[in-house]
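Accompanying notes for the structure given below.
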Amino acid sequence: MFKTLTALLFALPVVLGRAIDRRASVPAQCAFLLPIVDDLMDNLFENECGDAAHGALRLTFHDAIGIDPVLGGGGADGSIVIFNETELAFEANDGLDDVIDTVGPFFLKHASVLSPGDFVFLAGSLSLATCPGAPQVKLAIGRPPPKAASPDQLVPEPFDSVEKILARMQAGGNFSPQEVIALLSSHSVAGADTVIPGFEGIPFDSTPSVFDTQIFVEVQLRGTFFTGPGGNQGEVMTGVQGTTRLESDHNFARSTPTDCIWQSFVNNQKQMQDQFAAAFFKMSLLGQNENDLIDCSAVIPPAPTFTGNAFFPPSLTHGNVEQACATAAFPNLPTLPGPPEVVPPIPQADDDDDDDS
């Protein structure tokens, strides 16, 4: 069952008049999406790069990568929404029940005009528009309804080896190692809800509401402590208090096939934006024929501008970097002033519901 969502009917000034401003550039066959865009931006995401936006973005990957040339699966078809009783039981989808509870009422509200797969990728594309620094991604619609649940064991786990994850991503979507690391840019606006028992919304970097390259900086820092008790599967020590580090991210930053790719994203915002946008759109087409879809990219508003640069968190320096790339030195970055930072948890989208219940 979907939880009741209290929709907050306000919007930040930067996005007021969104549909009116963009209407002239939107193809006629996509115009029906404009009020849906406003609804999701204002009432689902509340125009914030917070937990609801993070969850919608995570949902796109867990839906789309459910495809394999041998095992089957429909890819980017919305099966995780329609067959949620099956797919949410998969270990790799732990925690997505809260995401489905949050986005579910909005899917049901617009199900008469949007297929499940189209809804998942409209919501995921719009989630990026709430996050400063995120690219304006392409959107194609017209997916047919999903026919069946995805098979299990197709979503990579944070404790899987680099080799296993790269092989899965190649089999599922013909993704190169460069594209895999580009997709992991999404961890810059994400947090862990189930990795650490009893802890929710633990960010992966110190700026979880900004789509920036800090994830590539901070995962490269020497881990010195855990947020929480530690010793959890898929988690390794982090270098910034209040954050957590996935074992898979840690290994991508230190393994020969991907370490220099990982480092190349540090303080390279344009590379991060461009390569993520391309890989994300490629992911959105898994299991689909692009020629059968309609390009509705014009309905996606741009994200707020981000003009900052990468940095070392307070008290940390280049001396805390675990250099892994053998062909290029880690970039020199400034250290923010002040005492060591403790990054707060990301407020959860269901907090208001819990308070009202």
Long-range neighbours under 7 Å by Cβ, at least six apart or interchain, first residue within 20 Å of PRO208 (Cβ to Cβ) within the stretch 333-345, second open to solvent by 80 Å² or more (accessible area, probe 1.4 Å) and in a loop (DSSP other than H, G, I, E, B): PRO345/GLU200
Can you tell me which residues in the stretch 315-352 are in contact with a helix residue (DSSP H, G or I) (Cβ under 9 Å, 6 or more places away or on another chain), over 30 Å from ASP101 (Cβ atoms) and not in a loop (DSSP other than H, G, I, E, B)? VAL321, THR335
For the stretch 250-268, which positions are closer than 27 Å to ALA303 by Cα and either of a type in the set (Gly, Ala, Ser) or out of contact with any Phe, Trp or Tyr (no Cβ under 7 Å at 6 or more places or on another chain) (or both)? ILE261, SER264, ASN267, ASN268
Taking VAL240 as the residue in question, decide whether it is closer than 21 Å to ALA190 by Cα, surrounded by fewer than 20 Cβ atoms within 10 Å (Cβ to Cβ), at pLDDT 95 or above and of a type in the set (A, V, I, L, M, F, W, C). no
With the structure loaded, tell me whether ALA329 is touching a Ser or Thr at 6+ places or on another chain (Cβ under 8 Å) and either open to solvent by less than 50 Å² (accessible area, probe 1.4 Å) or over 18 Å from ALA182 (Cβ atoms) (or both) or whether it fails that test. no
All positions within the stretch 35-54 that are of a type in the set (Gly, Ala, Ser) and open to solvent by 10 Å² or more (accessible area, probe 1.4 Å): GLY50, ALA52
Within the stretch 184-225, restricting attention to residues that are open to solvent by 20 Å² or more (accessible area, probe 1.4 Å) and among the charged types (D, E, K, R), which residue is nearest to ALA56 (Cα to Cα)? ASP193
Considering only residues that are buried (at least 24 other Cβ atoms within 10 Å of the Cβ) and of a type in the set (Ser, Thr, Tyr), which ones fall in the stretch 78-101? SER79
Has the stretch 121-141 got any residue that is open to solvent by less than 30 Å² (accessible area, probe 1.4 Å) and of a type in the set (Lys, Arg)? no
Residue in the stretch 276-293 that is among the hydrophobic types (A, V, I, L, M, F, W, C), over 30 Å from ILE65 (Cα atoms) and open to solvent by less than 80 Å² (accessible area, probe 1.4 Å) present: no
For the stretch 6-80, which helices (runs of 4 or more DSSP H) that fit wholly inside it have 1 or more residues that are at pLDDT below 95, of a type in the set (Gly, Ala, Ser) and touching a helix residue (DSSP H, G or I) at 6+ places or on another chain (Cβ under 9 Å)? 18-22
Within the group VAL299, VAL321, which residue is in contact with a Phe, Trp or Tyr (Cβ under 7 Å, 6 or more places away or on another chain) and among the β-branched types (Val, Ile, Thr)? VAL321
What's the number of the condition GLY234 fails, among (1) in contact with a helix residue (DSSP H, G or I) (Cβ under 6 Å, 6 or more places away or on another chain); (2) more than 18 Å from ASP94 (Cβ to Cβ)? (2)
Search result, residues across the stretch 174-183 that are part of a helix (DSSP H, G or I) and open to solvent by 30 Å² or more (accessible area, probe 1.4 Å): PRO177, GLN178, GLU179
Show the residue pairs that are 6+ apart or on different chains and have beta-carbon atoms under 6 Å apart, the first residue being within the stretch 119-143 and within 17 Å of PRO208 (Cα to Cα), the second being among the β-branched types (Val, Ile, Thr) and open to solvent by 10 Å² or more (accessible area, probe 1.4 Å). PRO132/VAL210; GLY133/VAL210
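The values are calculated or read from the model by the stated rules, or taken from the named source; none is laboratory data. All values reported here derive from a predicted model rather than from experimental measurement. Note: ideal-geometry Cβ built from the backbone for every residue, glycine included; neighbour counts use all protein chains shown. Ligands, DNA and RNA are excluded from the accessible area calculation, which covers all protein heavy atoms including side chains. Shrake-Rupley method; radii C 1.70, N 1.55, O 1.52, S 1.80 Å.
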